[in-house]
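What follows is calculated from the coordinates using simple rules that are stated; it is not laboratory data. Quantities reported herein were computed from a predicted structural model and do not represent experimental measurements. So basically every Cβ, Gly included, is an ideal-geometry build from the backbone, and we count neighbours across all protein chains shown.
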Amino acid sequence: MEELNKSQLILLVLLVSFVTSIGTGVMTTALLQQAPVEVTRTINQVVERTIEKVVPEKVTGILSPQGNKEVTTVVVKEEDQILEAINKNIKSIVRVNEKDDQGNTVGLYGIGLVVSRDGQIVAVKKTITAGNSYWGTLSDGTILELNPLGVDRKTNFILFVPLKQNQVKSLVPASFSDKDPQLGQSVITLGGETQNAVAVGRVSFLNIKDTSTTTKSVVSIETDIQSRDGVVGSPLFNFSGDIVGIQFTRESSKSFDPVNILNRELPILTSSQKNQ
């Protein structure tokens, strides 16, 4: 060590630091691979995005053709993504309640989703009782009197439209994803019979089947979501706020049907409104 000059000492320190960094990185990666999901989720709660933008440099009053790059680090928390996704869908959720011919509440028919700006609401189809009436409640408490359409259509869904057109302005269409979710992707579900209840989890399994000789499709989405508040029609959406699935049965709160089923059947339902 005493025989080394100043430059050599600096190079030796840099070499030791470099080797130490590599060793630390290898150990960290190995530990993360063995850690449970809950630990890695906590570590990944903060995602850093680096955005580069070119800032023109002024030289004696004239913009220089060369620019300086200013690097800005934007910290996006998982919590913020969840809140934004929920707020994006909150005005598209309609709880459809059923009343008998005496005006007594029979119960919750299901959660409906607004699909158009002219007031069309889609819900998972269940039995429609003649003489009963249907009412929708928005998340802000607004009450809508609804008319069921497309009962005779061979679909998994039913269409509801407000009887009073002046209430249509309160409705905001939901955003539906045109892509299947990915394994391990973080997702959110919104349920609750009378009030909004949220649960967060991940896609744990995708049930994929052959739909033809050349194509395959997702037929169900399995998650690790633990919730007792799931109801028929509860949407499943990604962190961008796009709906990727819908809960068809209350018995299986972890399982959702892909939204592409609704995308295929929606034209059939909307055509029933035009014919009435």
If r is the Cβ-Cβ distance from Thr137 to Glu251 and R0 is 25 Å, what FRET efficiency results, to the nearest 0.05?
0.55
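Stretch Thr194-Gln165 to full length: gain in nm at 0.36 nm per residue minus the Cα-Cα span?
Numbers: separation 29, 0.36 × 29 = 10.44 nm, distance 2.43 nm.
Roughly 8.0 nm would be gained on extension.
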Rg [Å, one decimal], Dmax [Å, integer] - segment 91-173, C-alpha atoms
11.8, 33
With r defined as the distance between the Cβ atoms of Leu15 and Leu183 and R0 fixed at 45 Å, what FRET efficiency is calculated, to the nearest 0.05?
0.65
Trypsin sites (Lys or Arg not before Pro) restricted to DSSP loop in segment 190-270 with at most 10 other C-beta within 10 Å:
Arg228
For segment 141-183, which trypsin sites (Lys or Arg not before Pro) are in a loop by DSSP, counting at most 14 other Cβ atoms within 10 Å?
Lys154, Lys164, Lys179
Convex hull of segment 186-266 built on C-alpha atoms - directionally averaged projected area, nm²:
5.7
So, in nm, how far is label Phe205 from label Asn87 when the simple model puts each one 7 Å beyond its Cα toward the Cβ?
3.7
